[in-house]
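Everything on this sheet refers to the single structure shown next.
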Amino acid sequence: MTADHPPILHLENARFGWPGQSEQLIDIDELHLAAGEHLFVRGASGSGKTTLLNLLAGVHTPTSGTIRLLGTDLTELSVSRRDQFRADHIGVIFQQFNLLPYLTTLENVTLACAFSSRKQRRATVDSDVETTARRLLDALNLVGEFHDAHVHKLSVGQQQRVAVARALIGDPEIIIADEPTSALDADNRDRFVDLLFHEADARNCTLIFVSHDPHFATRFTRTIELGSPEHTPELAS
């Protein structure tokens with residue numbers, strides 16, 4: 001990293017523990033990621049993977065230490081400002097997708113811009129939000145009649161693509177994916193990761209991918225292993 005190219009994500013002496021617990025669940029001396037890097041976070045159930053994501057997204061704040069995203073120290077922001085920062089700069093792909101079944105595919109994707117004027121501006125550089133969403137869905141092979149279909153009528157694989165489109169619209173700098181392949185078979189799992197890498201690389205987007213499945217480790221240049229006896233992540237590159 002240089003002064004001209006500061007890290008997009010920087011954790012320093014970041015600690016987090018739940019009240020009443022004697023040990024820290026998260027204990028990271030230092031971690032930094034550049035724009036466009038892909039990080040794999042792995043560990044067993046209960047090792048702190050989702051807790052780490054919630055810290056990075058500003059849902060929780062560390063017990064001590066700092067977490068900087070895009071040069072902003074999240075620990076210095078109020079809850080409402082952290083919520084807005086997340087809406088403006090982060091796209092999230094949830095384990096269960098969290099699509100709204102009473103909305104159409106298109107409405108689920110454009111919803112991300114309803115909570116962020118910044119994403120809306122970035123999604124309307126050369127067209128309106130709906131047109132941008134349709135182009136994104138087309139690029140993800142969800143074309144034509146799928147745009148106006150209610151998401152509960154889509155297959156699991158199609159719903160995943162909707163979740164990816166919703167995370168990507170407005171060109172957030174960071175994509176967080178929380179166990180997004182846990183319900184997929186091996187072939188669909190690998191196709192999904194291929195798709196996610198392709199779309200993140202096309203936008204120079206930093207990807208943080210969480211899974212308990214070690215199968216993915218070889219796909220990433222950076223890996224954090226959570227759940228060691230000392231509760232200290234091992235960072236591999």
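The values are calculated or read from the model by the stated rules, or taken from the named source; none is laboratory data. Since the structure is predicted, the reported quantities are computational estimates derived from the model, not experimental observations. Backbone-built Cβ (ideal geometry, glycine too); neighbour counts: all protein chains shown.
Observations on the structure shown:
- Inside segment 137-150, residues that are buried (at least 22 other Cβ atoms within 10 Å of the Cβ) and either among the basic types (Lys, Arg) or part of a helix (DSSP H, G or I) (or both) make up a count of 1.
Conditions tested, residue by residue: (1) surrounded by 20 or more Cβ atoms within 10 Å (Cβ to Cβ); (2) closer than 20 Å to Gly91 by Cβ; (3) not small (Gly, Ala, Ser).
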{"residue": "Ser22", "(1), (2), (3)": "no, no, no"}
{"residue": "Ala44", "(1), (2), (3)": "no, no, no"}
{"residue": "Ser47", "(1), (2), (3)": "yes, no, no"}
{"residue": "Ile67", "(1), (2), (3)": "yes, yes, yes"}
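- Scanning segment 62-80 for residues that are in contact with a helix residue (DSSP H, G or I) (Cβ under 9 Å, 6 or more places away or on another chain), outside any strand (DSSP E or B) and in contact (Cβ under 8 Å) with a residue 40 or more places away in the chain yields Pro62, Leu70.
- One residue from Val125, Val109 being among the hydrophobic types (A, V, I, L, M, F, W, C) and at pLDDT below 95: Val125
- Subset of segment 163-184 [under 15 Å from Ser211 (Cβ atoms) and out of contact with any Cys (no Cβ under 7 Å at 6 or more places or on another chain)]: Ile176, Ala177, Asp178, Glu179, Pro180, Thr181, Ser182, Ala183, Leu184
- Subset of segment 130-174 (residues that are among the hydrophobic types (A, V, I, L, M, F, W, C) and farther than 25 Å from Ala87 by Cβ): Val143, Phe146, Ala149, Val156
- Leading residue by the ranking (farthest from Thr51 (Cα to Cα)) among those in segment 201-219 that are modelled with pLDDT of 90 or more and surrounded by 14 or more Cβ atoms within 10 Å (Cβ to Cβ): Cys205
- Scanning segment 168-182 turns up at least one residue that is assigned to a helix (DSSP H, G or I), modelled with pLDDT of 90 or more and under 25 Å from Thr50 (Cα atoms).
- Identity of the residue in segment 81-121, outside any helix (DSSP H, G or I) and surrounded by 17 or more Cβ atoms within 10 Å (Cβ to Cβ), that ends up farthest from the chain's Cα centre (by Cα): Thr104
- Some residue of segment 42-59 being in contact (Cβ under 8 Å) with a residue 12 or more places away in the chain and in a strand (DSSP E or B): yes
- Search result, residues across segment 130-157 that are free of Cβ contacts under 8 Å to residues at least 24 places away in the same chain and under 18 Å from Leu100 (Cβ atoms): Lys153, Ser155
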